[in-house]
Every structure is written in structure tokens, then in C-alpha cells.
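The values are calculated or read from the model by the stated rules, or taken from the named source; none is laboratory data. What you see is a predicted model, and the numbers here were worked out from it, not measured in a lab. Note that we place each Cβ from the backbone using ideal geometry, even for glycine, and neighbour counts take in every protein chain shown. Note: accessible area is taken over every heavy atom of the protein model, side chains too, but ligands, DNA and RNA are not part of it. Shrake-Rupley method; radii C 1.70, N 1.55, O 1.52, S 1.80 Å.
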Amino acid sequence: MSKIKHFGDYIAAIFKLRRTERMAKEAYRSLQNAEGSMRNIQDRFNGWDARERKLKKELSQMVRGETQALAARNAELSRNFALLSSRLDQLLQVRKDHSVPPIDAAQEPKDESGIGAIIDSFYHKLENKYRDTPVEIRNKLRIYLPDVESAVIRTGDKLVMDLGCGRGDWLGLLQDSDIRAIGIDTKPTKVEELRDKGLNAQLGDARNVLAKTEDESLACITAHHLIEHLPFEEVLWIVREAMRVLAPGGMLLVETPNIHNIMVGATSFYNDPSRLHPMTDPVLSALFETVGFHPIETRQLHPHEKLGEFMAKPDFDPELANLMFGAQDLAVLGHKPLRES
């Protein structure tokens with residue numbers, strides 16, 4: 001009986017082993033099917049992910065394109081509004097001119113009073129004592145030559161006008177670069193000196209000269225360290241008229257002290273008592289945008305010579321070094337778009 005029992009147990013074990021083997025094979029097949037399903041799911045997920053990235057990219061490009069188109073359209077509307085306001089001023093001026101004889105800027109009376117002579121002497125000494133040398137200034141201004149040359153090419157070699165040309169450092173640099181330019185200044189002695197040097201200079205203030213300038217006749221208007229000497233309404237008027245007199249593809253360039261540099265904002269800005277107030281990049285950018293310049297570029301230039309020294313100090317905060325010795329000048333460049341063909 002024991003042999004028969006053992007034989008039965010043996011047979012039962014065989015059946016259990018086969019059943020276990022069958023179950024293992026089925027589990028293996030199920031695992032393979034599950035892995036295949038997982039791969040299919042992963043492939044589908046990767047496909048969805050790729051399509052999502054593609055859609056996001058296309059959407060981003062579409063939004064960017066629409067944003068640029070909207071910005072260009074807004075700039076066009078701003079230009080039209082600015083030109084309309086300029087035309088209105090011209091009409092009102094014509095009516096005024098019929099009742100009041102016009103005054104030629106070149107015939108403006110000279111201030112020959114005693115205090116006027118003292119003022120001229122004071123500014124001459126101040127300029128010679130604290131301003132950079134002509135060579136230093138020309139080296140700083142060279143950075144703008146490619147921008148001006150491009151504007152001249154885009155406008156078909158039209159004239160460049162420098163407002164507040166002073167002693168003519170920039171005007172001379174333009175002449176040396178074979179760029180036709182005219183300088184405007186309110187000081188008769190400065191204009192005479194520039195003419196003696198063979199430079200093209202005219203007596204007058206920016207407002208009067210621009211008012212008499214023909215539409216779309218200039219390639220570029222530049223104003224280096226002028227606008228901080230003027231009331232804001234005067235600056236706005238100049239920027240608006242620049243849009244009128246610049247040819248399509250032309251450029252307005254203004255440079256002014258950069259008060260993000262606290263040493264400039266707290267001290268050196270006030271070394272010239274004729275400066276009225278600082279002009280910041282948010283103000284100038286908004287002003288250029290209001291008139292319709294597009295695109296608009298801001299640059300912070302000419303860091304103090306001590307910046308590198310303080311940036312190299314391991315125990316000196318780099319942000320503080322930039323605040324104290326960073327860019328001393330701010331430039332804003334506004335472009336008048338070319339006409340669409």
C-alpha cells in the first residue's frame with residue numbers, strides 16, 4: 001500500500017509541477033503582453049509629448065509674431081498721431097507768423113551784457129577743467145558710428161543733424177568718417193569756431209531749427225548731453241519733430257547722464273548748473289514709444305575707470321560696485337521704420 005501511495009503522490013506532484021509550469025508560462029506571457037502594452041503606452045505618450053511641444057512652439061511663434069505685429073501697428077498709430085499734432089502746430093504757427101514778423105535764428109541778438117560775458121567765461125573754464133579731452137570724447141563717441149552709417153545708407157545718404165554740437169567733437173568725427181552733417185548750437189562764438197575749423201555749423205536752438213526743417217529730409221538726429229538742460233515739454237517737442245523730419249529708416253539718438261550710477265546721480269550731474277533734471281531710460285523709452293519710434297534700444301555706456309578695480313575685490317559686492325562705478329552715460333536710439341513696399 002505504501003508503494004501505491006507513494007506512486008500516487010508522485011503522479012500528483014507531476015501534475016502540480018505541470019500546472020505550476022503552465023501558470024509560470026501564462027504569467028510570463030502576461031508579463032510580456034504588459035511590457036508590450038507599456039511600450040505602446042510610452043510610445044503614445046512620447047507622441048503626445050512631441051505633439052504638445054510642437055503645438056507650444058507653434059503657439060509661441062504665433063503669439064510672438066502677433067505681438068510684434070501689434071507693436072508695429074501701435075507704433076504706426078503713434079507716428080500718425082504725432083505727425084497730426086505736428087501739422088496742427090504748423091498751422092497755428094502760420095497764423096501767428098502772419099501777425100508777428102518771423103525772427104531768423106541766425107539773426108538772433110547776441111547777449112553782449114557784462115553778465116553774459118561772465119557766464120561764457122564761467123562755462124569755458126568749467127568745460128576745460130572737468131570735461132574729458134576732445135580725444136577722449138571722440139573715442140567714446142565712436143561706438144555710435146556704425147548706427148549712424150547704417151541710418152545714412154538706409155535713407156539714401158541724407159544729412160545728419162547734431163543738436164547742441166558744442167565744441168564739435170562729434171561733428172568732427174562725423175566729418176572724418178565722410179558723413180555729411182550739420183551742427184546746431186545757440187552760442188555764436190561756438191558756431192564761429194566750428195566754421196573756422198571747416199565744420200558745417202548753424203546758429204539756432206533745436207526747436208526753431210527743427211520747425212524749419214523739411215519733412216523726411218534727415219538720416220539721423222543726434223543730441224549728446226542736451227536734453228537734461230531742457231524742460232520736458234521741450235524734449236517732447238524735439239522728439240516729436242524728429243519723427244517728422246527723419247526719413248524712413250532714419251534714427252534719433254540721444255545721450256544723457258545715467259543716474260543709475262549713484263555717483264552720477266548724486267554728484268557729477270550737478271557739476272553743471274545749467275542741467276535742469278535727469279532723464280531716465282523708462283521716461284525716454286516711453287517718450288520715444290509715444291511718438292512712434294520702433295524699435296527702441298537703450299544702452300548704458302562708459303563705466304568709471306575704477307569699476308574693474310572694485311569688481312576684482314573679493315570682499316566687495318559686485319552690485320554695489322556697478323551702482324557706484326557702472327555706466328555713466330545712457331543712450332536711447334529710436335528708429336523710424338522703413339515704408340513697406
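Please indicate, with yes or no, whether at least one residue in segment 73-90 is modelled with pLDDT of 75 or more and open to solvent by less than 70 Å² (accessible area, probe 1.4 Å). For segment 73-90, residues modelled with pLDDT of 75 or more and open to solvent by less than 70 Å² (accessible area, probe 1.4 Å): absent. Please enumerate the residues belonging to segment 162-172 that are open to solvent by less than 20 Å² (accessible area, probe 1.4 Å) and closer than 19 Å to Arg142 by Cβ. Residues satisfying the conditions are Asp162, Cys165, Gly166, Gly168, Asp169, Trp170, Leu171, Gly172.
Here is a yes/no grid of residues against (1) surrounded by fewer than 16 Cβ atoms within 10 Å (Cβ to Cβ); (2) part of a helix (DSSP H, G or I); (3) among the hydroxyl-bearing types (Ser, Thr, Tyr):
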| residue | (1), (2), (3) |
| --- | --- |
| Met279 | no, no, no |
| Glu289 | no, yes, no |
| His294 | no, no, no |
| Arg299 | no, no, no |
| Gly308 | yes, yes, no |
| Asp315 | yes, no, no |
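Here Asp178 meets the list (1) touching a residue at least 24 places away in the same chain (Cβ under 8 Å); (2) more than 12 Å from Leu253 (Cβ to Cβ) almost entirely, failing just condition (1). Assuming Ala247 fulfils every condition listed in (1) under 20 Å from Ala151 (Cβ atoms); (2) assigned to a loop (DSSP other than H, G, I, E, B) apart from one, which condition is it? Result: Ala247 fails condition (2) only. Phe288: within 20 Å of Ala75 (Cβ to Cβ) and aromatic (Phe, Trp, Tyr), yes or no? So Phe288 fits the description; yes. Annotation: of all residues in segment 215-227 being surrounded by fewer than 19 Cβ atoms within 10 Å (Cβ to Cβ) and touching a residue at least 40 places away in the same chain (Cβ under 8 Å), the one that is nearest to Ile153 (Cα to Cα) is Ser217. Of the residues Leu230, Leu236, the single one that is farther than 22 Å from Leu126 by Cβ, at pLDDT 95 or above and either surrounded by 14 or more Cβ atoms within 10 Å (Cβ to Cβ) or of a type outside the set (Ser, Thr, Tyr) (or both) is Leu236. Remark: Gln175 falls outside the filter, which requires a residue to be at pLDDT 95 or above, surrounded by 15 or more Cβ atoms within 10 Å (Cβ to Cβ), more than 26 Å from the chain's Cα centre (by Cα) and more than 23 Å from Ser121 (Cβ to Cβ).
Counting only residues that are among the aliphatic types (A, V, I, L, M) and without any contact (Cβ under 8 Å) to a residue 60 or more places away in the chain, which one in segment 138-161 is farthest from Leu338 (Cα to Cα)? Filtering first and then ranking leaves Leu145. Determine which member of the set Met1, Met23 is more than 60 Å from the chain's Cα centre (by Cα) and modelled with pLDDT of 75 or more. Going through Met1, Met23 in turn, the sole match is Met23. Taken over segment 178-214, residues that are touching a Ser or Thr at 6+ places or on another chain (Cβ under 9 Å) and either open to solvent by 30 Å² or more (accessible area, probe 1.4 Å) or part of a strand (DSSP E or B) (or both) amount to 3.
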